[in-house]
Amino acid sequence: MSIKTLFARADEGLSARVEKGMASFFQAKDEVLAFEQETLIEQLSGLHLPKQAMSTQAYMDKLEQSILPVASHLISPTYLGHMTSPLPSFIPEIGRLVQTLNQNMVKLETSRGLSLLEKHLLGLMHRQFYANDESFYEACRADFSKTVGVFTSGGTMANITALWAAVHHARQVYPQAKKYAVIGSSLMHYSFDKAAALLGVELIKVGVNEKQCLLPDGVQHAIDTYQKTGGVVAAVVAVAGTTDFGSIDPLAEIACIAHQHHIHMHVDAAWGGAFIMSSDKAVLLSGIEHADTITLDGHKQMLMPIGTGMLFFKNPALSRAIMHTAPYAVRATSLDQGRFTIEGTRPANMLYLHACLHLLGLDGYDELFTIAMKNIQTMAAYIQKDPAFELLFTPTMNILAYRYIPPQFRGKVLSIKDNQSINLFNQTLQKAQRARGKSFVSRSLRPFAQYEGLPLVFLRVVMLNPLVTETHLRFVLEDQKNIAQGLRVD
Ligand SMILES: *Cc1c(COP(=O)(O)O)cnc(C)c1O
């Protein structure tokens, strides 16, 4: 076979096989299929690259037999544990377009008009958060020396980019400082640990209250303490939708404290930021407009596929703090977006945003969030009225935290030792549920203020899939109770 035949035209046989493979993946068993980790590791032990090409049909056989069956069934309505949602059916089609065009968004020469579209979309989303007037966006359109935001591969990259800008700025303003730090809550996403390590700054974590929110007094205290030791606080981070609980830090108050001290305020709204498009839930995010930078993930609640993060600069001039250029391609005076991104070559993933905005519209997002919030409240109510469970966090957004209480611990005041037993039980229960594969919730471990800061293992539900109904919610809880009954934990 000549390599040229692979470029000739679409392989219809292959398209049909992919179609069939996907159909069987989704229909065979809509559950998180158990897989034998050891068997798979054994199977994946070959060390040789294939010398001869195989036919696409034979290759599809291989995928169907050994790879597709071990993928995660994110689309299952009883899979309620992680932040990756099923996607609307138009996404794979748009994906085909993105892959076929294979534009490189790093610079104008490799993406042409699509760079302008990207700039336009960033402006549209920026306006959702900051609501500047038309003249602001008019000026941005014509000004290529800075940007209102960047597309990234996800929230992690957006958070790192934000701190990069903030720390760089602080180092310019206070070049003599002994040390620099970033302050945020103990529930900050671990991307901030990565960012701090990369940038060589300290990360100071402040405790949260019983609502899992950052305390403004705690932030104030941390700033004062750090400054007294000769350090400069480069940024304060608030989270709008913590990964563990979906709790939202008091954005306006924290912005006020940060700005009194001339400190950069970043809001990590990777999870919660999408609510800005909701007609009745955007109010949860009030105060976000004071943030100097905002992270938003398209692949969390906006129904975009993985690889779609965004970062917005309140004042586009800040983007100049991280501007990097190269004489051969990404030129200073161009409108090459690669000047402001950590990533170089980058796909035209903004087309997914374009598609979602047009094919879902604000009404579509409204419906999505309304269903999710209704489902989470229904599930919270079930948990609350069942003595087998304890609701540990009343949902602010569409995430909830609870735990199973084994019969011997119900209706009594729990000692530290009791809680430790319950911790072990919940850990075992979650693993057993995952292994059984009929339903899934995730698990985390955090201190809880209502238990004097004792770390508790909890079960975590992330609700977004609009195909989830009350029947599914009941099934997940019943499944859990059934498994718990047969569980022996010592
Ligand atoms: C998911 C998440 C991130 C990280 O985003 P990735 O897209 O996974 O890199 C950061 N912060 C919060 C609050 C998140 O929920």
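The values are calculated or read from the model by the stated rules, or taken from the named source; none is laboratory data. For clarity, every value in this text was computed on a predicted model and none was experimentally measured. All Cβ positions, glycine included, derive from the backbone under ideal geometry; neighbour counts span all protein chains shown. What goes into the accessible areas is simple: the full protein's heavy atoms, side chains included, and nothing from ligands, DNA or RNA. Shrake-Rupley method; radii C 1.70, N 1.55, O 1.52, S 1.80 Å.
Remarks
- Carbon + sulfur, % of accessible area of the chain - ligands and nucleic acids excluded, 1.4 Å: 57 percent
- Cβ crowding within 10 Å averaged over residues, with 220-233, 288-301 ranked highest first: 288-301, 220-233
- The Cβ shell under 13 Å around GLN450 holds other residues with a net charge of 0, Lys and Arg each +1, Asp and Glu each -1.
- Summed residue charge, Cβ within 15 Å of LYS211's Cβ, Lys/Arg positive, Asp/Glu negative: -4
- Its relative contact order, with pairs defined as Cα atoms under 8 Å and 6+ residues apart, puts the chain at 18 percent.
- With an a/c value of 1.5 or above and a/b not larger than b/c for the gyration tensor axes a ≥ b ≥ c computed over the alpha-carbon atoms, the range 171-223 is described as oblate.
- Sorted into 5 angstrom bins from 0, the C-alpha pair distances of the range 230-297 split as 4, 19, 29, 23, 14, 7, 3, 1, 0, 0 percent.
- Residues whose amide H comes within less than 5 Å of that of VAL106, counting only those at least five positions distant or on another chain, are ARG346 (H built at 1.01 Å from N in the peptide plane).
- The dipole here belongs to the chain: it is taken about the Cα centre, uses +1 on the Cβ of Lys and Arg and -1 on the Cβ of Asp and Glu, and is about 840 debye.
- The Cα trace of the range 66-171 gives Rg and Dmax of 18.3, 56 Å, the first to one decimal, the second as a whole number.
- Relative contact order, percent, the range 298-363 [alpha-carbon distance under 8 Å, six or more residues apart]: 29 percent
- TYR451 versus ASP143: modelled label distance in nm, points set 7 Å from Cα along the beta carbon direction: 5.1 nm
- Contact order, relative form, for the range 86-223: 14 percent (alpha carbon pairs under 8 Å, 6 or more residues apart, mean separation divided by residue count).
- At 1.306 mPa s and 10 °C, Stokes D of the range 389-490 from Kirkwood alpha-carbon radius, µm² per second: 112 µm²/s
- Once Rg and the Kirkwood radius are both taken over the C-alpha atoms of the chain, their ratio Rg/Rh works out to 0.99.
- For the listed peptides 429-441, 242-254, a ranking on the average number of other beta carbons within 10 Å per residue, highest first, reads 242-254, 429-441.
- Which of PHE389, ALA401, PRO347, positive extreme of dipole for the range 328-401 (C-beta unit charges): PRO347
- Take the range 87-201 with all the other protein chains still there, run a 1.4 Å probe, and you get 49 Å² of accessible area per residue.
- Cα principal axis extents for the range 120-259, largest first, Å: 44, 39, 28
- Over the chain: helical MRE at 222 nm, DSSP H runs n ≥ 4 each giving -39500 (n - 2.57), nearest 500: -13000 deg cm²/dmol
- Cα point-scatterer Debye curve for the range 1-104, base-10 log of I(q)/I(0) at q = 0.20, 0.21 Å⁻¹: -1.30, -1.33
- Solvent-accessible surface of the range 334-477, taken per residue with a 1.4 Å probe and all protein chains present: 42 Å².
- Average accessible surface area per residue within the range 220-303, 1.4 Å rolling probe, Å²: 28 Å²
- Anchor LYS179: lysines whose Cα lies under 27 Å away (excluding residues fewer than 8 positions away in-chain): LYS194, LYS205, LYS228, LYS314
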